[in-house]
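None of the figures in this text is laboratory data; all of them are computed from the coordinates on show. Keep in mind that what you see is a predicted model, and the values were worked out from it rather than measured. Please note: Cβ atoms are built from the backbone with ideal geometry, for glycine as well, and neighbour counts cover all protein chains shown.
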Amino acid sequence: MNNSDNFSVTVIGVGNMGSAIVRGMILRGEFTKEHIIICDLDEKKVEKLVVDLGVKYASSARKAVEKSDFLILAAKPQSFPGLLSEISQFVNTNQTIMSIAAGVTTASIEETIGKQVPVIRVMPNLPALIGKGISVYCRGSYSTDKDINRAKAVLLSVGKIIEAPESLLDPVTALSGTGPAYIFHTMEAMIQSGIEMGIDREIAVDLVLQTVLGSAELAMKSKRNISSLREDVTSKGGTTEAAISYLTKKKYFETVINAILEAKNRSKELGEG
């Protein structure tokens with residue numbers, strides 16, 4: 001899917017995720033630089049994307065909104081009330097709003113805008129930076145198939161997409177949106193263990209990166225489930241069993257689940273202001 005109807009896109013907020021989406025749209029050839037406008041309070045971030053990609057920029061959110069068909073709101077959740085208040089009178093019902101803010105519901109955006117504007121809520125994740133992300137989206141009250149197709153054209157440029165009911169967006173935020181941090185945190189611990197066992201840091205990093213990459217690719221390509229693959233490595237009386245037994249004793253499984261539930265609760269809190 002590509003930008004077959006040549007709609008213009010504005011991205012308000014070009015931090016990690018906003019800039020990843022902009023780069024994905026351009027570098028994967030789905031959009032031309034003439035169809036993308038960016039805006040951010042951080043002028044250095046804007047300047048970098050303008051220099052790197054040749055996209056257009058607007059000096060204010062108001063001006064950015066007035067020039068676009070598809071609005072991507074990539075500001076932090078805490079900034080949303082102010083941002084929506086600033087742009088609400090300039091948004092029209094022919095435009096589409098796509099929000100990637102954790103916890104912010106489609107209903108709250110629709111209510112603040114005060115018009116029957118199509119809204120789509122999305123939770124992407126950081127691997128979007130290399131086109132390997134996964135984005136889960138849901139529809140607002142007024143979104144049509146045209147709006148969804150536009151969102152798909154944007155999101156497919158940074159990875160895989162899945163549609164889900166909005167009731168699952170906070171859990172999705174906790175699982176896949178926040179998920180890369182859990183993986184990186186575990187990788188940090190694995191690397192440190194290698195160093196403490198006398199392995200050179202550079203080698204430890206290579207060992208961990210390839211182990212995580214290979215494990216993920218094996219799980220994706222295998223017809224067997226994750227538990228079965230884990231059992232393959234866990235020989236009775238072996239080194240892996242010793243490690244898994246220790247993790248079980250320390251309630252590692254329950255700890256990870258509870259941590260993700262904490263992230264889900266925080267996502268809900270962010271939406272409630």
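Structural remarks
- For q = 0.21 Å⁻¹, Debye-computed log10 I/I(0) when each Cα of the range 10-136 counts as one equal scatterer: -1.29
- Sequence-distant lysines (8 or more away, or on other chains) whose Cα lies within less than 25 Å of LYS56: LYS33, LYS44, LYS45, LYS48, LYS67, LYS76, LYS146, LYS152
- Straight-line reach from LYS115: taking Cα to Cα under 15 Å and skipping same-chain neighbours fewer than 8 places apart, the aspartates and glutamates in range are GLU86.
- In plain terms, the residue of ARG28, ARG121 with the fewest other Cβ atoms within 10 Å comes first and the most crowded comes last, giving ARG28, ARG121.
- Subtracting the Cα-Cα distance of GLU34 and ASN94 from their residue separation scaled by 0.36 nm leaves 19.6 nm.
- Just so you know, the Rg over Rh for the chain is 1.03, from Cα atoms, with Rh as the Kirkwood radius.
- Among TYR182, TYR252, the order by Cβ neighbours within 10 angstrom, fewest to most, reads TYR252, TYR182.
- Tilt relative to the chain, helix 43-53 - C-alpha long axis, 0 to 90 degrees, to 10: 90 degrees
- Estimated dipole of the range 179-272 in Debye, rounded to 20 [Cβ of Lys and Arg +1, of Asp and Glu -1, Cα centre]: 440 debye
- Projecting the Cα positions of ALA204, GLN192, THR234 onto the charge dipole of the range 184-248 (unit charges on Cβ atoms of Lys, Arg, Asp and Glu, taken about the Cα centre) puts THR234 furthest along the positive direction.
- Among SER215, SER108, SER228, the order by Cβ neighbours within 10 angstrom, fewest to most, reads SER228, SER215, SER108.
- Shown is the FRET efficiency for ILE130 and LYS63, computed with R0 = 30 Å from the Cβ-Cβ distance and rounded to the nearest 0.05: 0.45.
- Cubic angstrom per residue, convex hull over Cα atoms of the range 119-272: 145 Å³
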